[in-house]
1. Looking for something within 15 Å of residue 1 (Cβ to Cβ) and aromatic (Phe, Trp, Tyr) - is there at least one such residue anywhere in the range 49-64?
2. On the given criteria, is residue 59 surrounded by 13 or more Cβ atoms within 10 Å (Cβ to Cβ) and not charged (D, E, K, R)?
3. Consider residue 36 carefully, then state whether it is within 11 Å of the chain's Cα centre (by Cα), assigned to a helix (DSSP H, G or I) and of a type in the set (Val, Ile, Thr).
4. Residue pairs, Cβ under 9 Å, 6 or more apart or interchain, first in the range 5-29 and closer than 15 Å to residue 62 by Cβ, second of a type in the set (Lys, Arg) and open to solvent by 80 Å² or more (accessible area, probe 1.4 Å). List them.
5. Out of 23, 44, 37, 15, report the one residue that is open to solvent by 100 Å² or more (accessible area, probe 1.4 Å) and at pLDDT 95 or above.
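The values are calculated or read from the model by the stated rules, or taken from the named source; none is laboratory data. A quick note: this is a predicted structure, and the numbers were derived from the prediction, not measured. Counting neighbours? That spans all protein chains shown, and the Cβs are built from the backbone with ideal geometry, glycine included. Accessible surface areas use protein heavy atoms only, side chains included; no ligands, DNA or RNA. Shrake-Rupley method; radii C 1.70, N 1.55, O 1.52, S 1.80 Å.
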Amino acid sequence: MKKNMGTIDRVVRILIAALVGILFATNAISGLLAIILLGLSGVLVVTSIVGFCPLYALVGIKTCPAERA
């Protein structure tokens, strides 16, 4: 897997996941919505760590800087 996510994209995903975690911990979200958002947050964290987003690959988006020859 080639990386297709840039640093800014990865940081934004981690921040969104952290925000959802904080909302869950403070009981601002609960029930089915909380479960769905926590699952999505887990996916965001994993893709940020790996640096590869399968959805980006399907659509053909790359936010990582171009490799210099």
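1. Yes - at least one qualifying residue is present in the range 49-64.
2. When the stated conditions are applied, residue 59 does not pass them.
3. Here the answer is no, as residue 36 does not meet what is asked.
4. Sorted first by the residue in the range 5-29, then by its partner, the pairs are 5/62; 6/62.
5. Only one candidate qualifies: 15.
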